[in-house]
Amino acid sequence: MVHAVLFAILSAIAVVAAISTVLRRHPLASALSLIVAMIALAGLYALLTAPIVAILQILVYAGAILALIVFVIMLLNVRAEDLEYEKNAVPRTLFALVVAALPFGAMTWAIWQVAPAPLPAVATGFGSLYDLGLKLFGVWSMPFELVSLLLTVAMVGAVALAKRRLDG
Amino acid sequence: MIPAAAYLMVSAALFFIGAAGFVARRNLFTVLMCIELMLNAVNLAFVTFSRQWGHYGGQVIVLLVIAVAAAEAAVALALVVLLFRNKETLDVDVFGQMRE
């Protein structure tokens, strides 16, 4: 019962914050809405007995990535009066609604076809750091190392791009 | 208990909200954040299936996706800074051509 109430609250927060992310005019307002959505999603992960993923979602996503985005928005000093009027907003929105609604309807149908059953009980301790770490550094060690390589490359690339002279 | 389908519905809703925003919005930052939103929606589906089958694969993939999203955000924001310095605008329509 508590589980169902928490699920309803968290998913409502996530969806409303996501809609607010898309609709707000100023990117800073969007970024703050997105942080709210990320934290609600972390709560949903915790409900799904994935506490480590929930913690990392808050630390890395809400903490680091969104902080980086907010930092760059402030660095560029985007003011509300500098934002251009978005041309053709109405036809674009209608197009986007059609583009999103059709596959969403199809997916809703498919989801209820495939997985209407309640979630089964899992063993106690499912999602613990110990087990997740064994998997991460065991069978998944190759993708893990590749991701660390990717992060290094991205870091070097980001510095090289941001330092580049405009007309050089 | 909540069915897995309920979590998947939230995931699908978030994904298509992000997709609609990606198509409809013209602000460079908002478009970027819509991509992040779609990544997160997929993560929720992964964690749901991880719980459904009692398998750690989904959770590990979510950790990898978070790392990839961090890399993507770093490079994308460096590009945004570069583009903004070049054109003094955040309108994605202005960046239509790749050359120059």
*asked:* Every residue in segment A:42-51 that is more than 7 Å from every other protein chain (Cβ to nearest Cβ) and more than 10 Å from the chain's Cα centre (by Cα), please.
replied: A:GLY43, A:ALA46, A:LEU47, A:PRO51
*Got at least one residue in segment A:120-141 being under 25 Å from B:GLY18 (Cβ atoms) and not acidic (Asp, Glu)?*
no
*Among (1) assigned to a loop (DSSP other than H, G, I, E, B); (2) touching a Phe, Trp or Tyr at 6+ places or on another chain (Cβ under 9 Å), which single condition is A:ILE69 missing?*
(1)
_I'd like to verify a number: residues in segment B:21-33 that are surrounded by fewer than 24 Cβ atoms within 10 Å (Cβ to Cβ), under 27 Å from B:GLN59 (Cα atoms) and without any contact (Cβ under 8 Å) to a residue 40 or more places away in the chain, how many?_
1
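Being within 10 Å of another protein chain (Cβ to nearest Cβ), under 30 Å from A:LEU83 (Cα atoms) and open to solvent by 50 Å² or more (accessible area, probe 1.4 Å) is the requirement here; does A:ILE39 meet it?
Answer is no for this residue.
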*Looking at (1) part of a helix (DSSP H, G or I); (2) surrounded by fewer than 17 Cβ atoms within 10 Å (Cβ to Cβ), which is the only condition B:MET1 fails?*
(1)
*A:ILE19: buried (at least 20 other Cβ atoms within 10 Å of the Cβ), part of a helix (DSSP H, G or I) and not polar (S, T, N, Q), yes or no?*
no
*asked:* I need the full set of residues from segment A:107-127 which are exposed (fewer than 15 other Cβ atoms within 10 Å of the Cβ) and either at the interface with chain B (Cβ under 10 Å from one of its Cβ atoms) or touching a helix residue (DSSP H, G or I) at 6+ places or on another chain (Cβ under 9 Å) (or both), in order please.
replied: A:ALA110, A:TRP112, A:GLN113, A:VAL114, A:PRO116, A:ALA117, A:PRO118, A:PRO120, A:ALA121, A:ALA123, A:GLY125
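Quick check on A:VAL22: is it at pLDDT 90 or above, touching a Leu at 6+ places or on another chain (Cβ under 9 Å) and under 30 Å from B:ALA4 (Cβ atoms)?
Here the answer is yes, as A:VAL22 does meet what is asked.
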*So which of B:VAL62, B:VAL42, B:VAL68 is more than 7 Å from chain A (Cβ to nearest Cβ), under 28 Å from A:PHE71 (Cα atoms) and free of Cβ contacts under 8 Å to residues at least 40 places away in the same chain?*
B:VAL42
*Does A:LEU76 satisfy the condition of being open to solvent by 30 Å² or more (accessible area, probe 1.4 Å), of a type in the set (A, V, I, L, M) and without any contact (Cβ under 8 Å) to a residue 12 or more places away in the chain?*
no
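The values are calculated or read from the model by the stated rules, or taken from the named source; none is laboratory data. Fair warning: this is a prediction, and the values are worked out from it, not measured in the lab. Because the Cβ atoms are built from the backbone with ideal geometry, glycine has one as well, and the counts that use them run over all protein chains shown. Accessible surface is based on the protein model in full, side chains and every heavy atom, while ligands, DNA and RNA are left aside. Shrake-Rupley method; radii C 1.70, N 1.55, O 1.52, S 1.80 Å.
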